[in-house]
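Novice: I'd like to ask you about the structure that follows.
The values are calculated or read from the model by the stated rules, or taken from the named source; none is laboratory data. All values reported here derive from a predicted model rather than from experimental measurement. Here the Cβ is made from the backbone with ideal geometry for all residues, glycine too, and neighbour counts use every protein chain on show. Note: areas computed on protein heavy atoms with side chains; ligands, DNA, RNA excluded. Shrake-Rupley method; radii C 1.70, N 1.55, O 1.52, S 1.80 Å.
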Amino acid sequence: MQNNLVTQSNNLVTAAYTMTLREKELLLACVSRVDSRVDSRVDAEVVNKQTKFTVTVQEMKDLFYKETNKDNAFRDLEKAARSLFHREVEIKLDGNKTLITRFISGALFDPDKSQITVTFAEDILPYLTQLSANFTKYRLIEISELSSIHAIRLYELIICWIGQWQYSKEFEIDDFRYIMGVEGKYAQFGQLREYVIDKAIEEINNNTEYKVSVEYKKVRRSFVTLTLSFHKKSLAKLEDKKGKISEDMLSAIVRSKKFEADYNNYYRLSGEGKRDRDTFRNEMKDFITMYPEDFEKKPLENYLK
């Protein structure tokens, strides 16, 4: 499965749709088979509306669930495919335009081989192929331990936002319902918090390399906004009292002469970043937050001494 790499346009990641956990797992298993870099590889297969993607029960069990027998797994997979066939997705486009389409246009069931073959809808293909910019990618192993659709959904959004150098996101409560695909559900804020927000955050914090925290703003007796903050757990020693990455600590690190000496030729730096000290500091704050694993010459907190 192409090393189980899932690549999607950011527009698709932030689109609105409703889906069950099993439907999402099937969709991601199929998406991981798509080569999103057609333009850059002459040997890549061109994906079109006739291209078929086959997923076996054994692959799904290996990826997502192991405690079930083959018959039950195929039944669940078939049910997921039938439901996914009817799911709509609403994608916001430039120019105040909105596209409503489906994820798949067909599914072929083969119980004798314990497999299902899926065809993507034509209108969804541009959001999965020929992506050279503005896309989100991760490997299926990263979400294999997440057991709720809301946790997977939030994880994808976090990967998308971090890829845009954003490490916190504020939403009005209704806007958050929209992007999480729960419009019309959990009318009481307490339900939304318990079954969607808290559960998703807990699963991500317990089962991925990211740490997520949330703050709420209340006007009179009603909650009106929430702010999500997120970063890799390896940056825990740079957190402030609220569990966020400390801007003061980051600034102090990149201003350290020892840090500058260690990383003045860091390979991700732009040409300007290698020439101009202020640009170096601004870029390195983002790089530390996104790629903390790159900075292993010494613990980052040591540059604060």
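Novice: For residue 172 and residue 97 in the same chain, what is the full-extension length gain: residue separation times 0.36 nm, less their Cα-Cα distance, in nm? Let's see the in-between values first.
Specialist: Values: separation 75, 0.36 × 75 = 27.00 nm, distance 2.17 nm.
The residue 172-residue 97 span can extend by a further 24.8 nm.
Novice: Next question, about the same structure. In a shell of Cβ-Cβ distance under 14 Å around residue 18, excluding residue 18 itself, what net charge do Lys and Arg (+1) and Asp and Glu (-1) give?
Specialist: Local net charge: +3.
Novice: Another question about this same structure. At a Förster distance of 41 Å, what's the computed FRET efficiency of residue 86 paired with residue 305, Cβ-Cβ distance as r, to 0.05?
Specialist: So the FRET efficiency works out to roughly 0.10.
Novice: Follow-up. On average, how much accessible surface per residue is there in the chain, in Å², for a 1.4 Å probe, leaving out ligands, DNA and RNA?
Specialist: That works out to 53 Å² per residue.
Novice: Shifting gears a bit: Can you tell me the 0 to 90 degree angle between the C-alpha axis of helix 277-290 and the longest principal axis of the chain, rounded to 10?
Specialist: The two axes meet at around 40 degrees.
Novice: May I pose another question? Taking the Cβ-Cβ separation of residue 293 and residue 20 as r and a Förster radius of 30 Å, what is the calculated FRET efficiency to the nearest 0.05?
Specialist: Using R0 = 30 Å, I get an efficiency of 0.35.
Novice: Roughly how compact is region 130-287, stated as its Cα Rg over 2.2 N^0.38 Å to two decimals?
Specialist: Values: Rg = 18.2 Å, N = 158, 2.2 N^0.38 = 15.1 Å.
My calculation over the Cα atoms of region 130-287 gives 1.21.
Novice: Sticking with this one: Going highest first, how would you order 297-304, 113-120 by mean Cβ packing within 10 Å? Mind dumping the intermediate values first?
Specialist: Working: 297-304: 14.8, 113-120: 19.2.
In decreasing order of mean packing, 297-304, 113-120 become 113-120, 297-304.
Novice: Once you place label points 7 Å from the Cα toward the Cβ at residue 247 and residue 134, how far apart are they in nm?
Specialist: Rounded to a tenth, the inter-label distance reads 2.7 nm.
Novice: When 1/r is averaged over all different Cα pairs and the result inverted, which Kirkwood radius in Å belongs to the chain?
Specialist: It works out to 21.3 Å.
Novice: While we're looking at this one, here's another question. Counting only the backbone N, which residues of region 168-185 are under 16 Å from the spot 7 Å out from the Cα of residue 148 toward its beta-carbon?
Specialist: Residues 176-183, 185 fall inside that zone.
Novice: May I pose another question? Would you mind checking the pairs 92/218; 24/49; 49/232; 199/297 and listing those with alpha carbons more than 32 angstrom apart? It would help to have the intermediate numbers written out before the result.
Specialist: Working: 92/218 29 Å; 24/49 20 Å; 49/232 38 Å; 199/297 36 Å.
Over 32 Å apart, Cα to Cα: 49/232; 199/297.
Novice: Next up: Two decimals, Cα atoms only, Kirkwood Rh: what is Rg/Rh over region 120-221? Walk me through the intermediate numbers first.
Specialist: Numbers: Rg = 15.1 Å, Rh = 15.2 Å.
Radius of gyration relative to Kirkwood radius: 0.99.
Novice: Using a Gaussian network model on the chain with a 10 Å cutoff between Cα atoms, which of 273, 163, 181 fluctuates the most?
Specialist: The residue that fluctuates most here is 273.
Novice: So how much slack lies between residue 79 and residue 209, counting 0.36 nm per residue of separation and subtracting their Cα-Cα distance, in nm? Intermediate results must be reported in sequence, preceding the final value.
Specialist: Working: separation 130, 0.36 × 130 = 46.80 nm, distance 3.15 nm.
Net length gain for the segment: 43.7 nm.
Novice: Then there's this: For region 72-190, what percent of Cα pairs sit more than 21 Å apart?
Specialist: Every Cα pair in region 72-190 considered, those over 21 Å come to 55 percent.
Novice: Moving on. Quickly rank 103-112, 212-221 as a protection proxy: mean count of other C-beta atoms within 10 Å, highest first.
Specialist: Highest to lowest by the protection proxy: 103-112, 212-221.
Novice: Among the listed pairs 61/211; 258/305; 233/258, give every one whose C-alpha distance is greater than 21 Å.
Specialist: Values: 61/211 27 Å; 258/305 10 Å; 233/258 24 Å.
Among 61/211; 258/305; 233/258, the Cα-Cα distance tops 21 Å for 61/211; 233/258.
Novice: Also: Quick one: compute the contact order of the chain, relative version, from alpha carbon pairs under 8 angstrom and 6+ residues apart, as a percent.
Specialist: Numbers: 438 pairs, mean separation 51.5, N = 305.
Result for the chain is 17 percent.
Novice: Need the full-extension length gain, residue 236 to residue 220, defined as separation in residues times 0.36 nm minus the C-alpha distance. One decimal, nm.
Specialist: Between residue 236 and residue 220, full extension yields an extra 2.4 nm.
Novice: Can you pull the three principal axis extents for the Cα set of region 200-305, in Å, largest first?
Specialist: So the extents along the principal axes, rounded to whole Å, are 52, 29, 26.
Novice: Using a 1.4 Å probe and ignoring any ligands, DNA or RNA, find the accessible area of residue 87 and quote it in Å² to the nearest 10.
Specialist: Its heavy atoms expose roughly 60 Å² to the probe.
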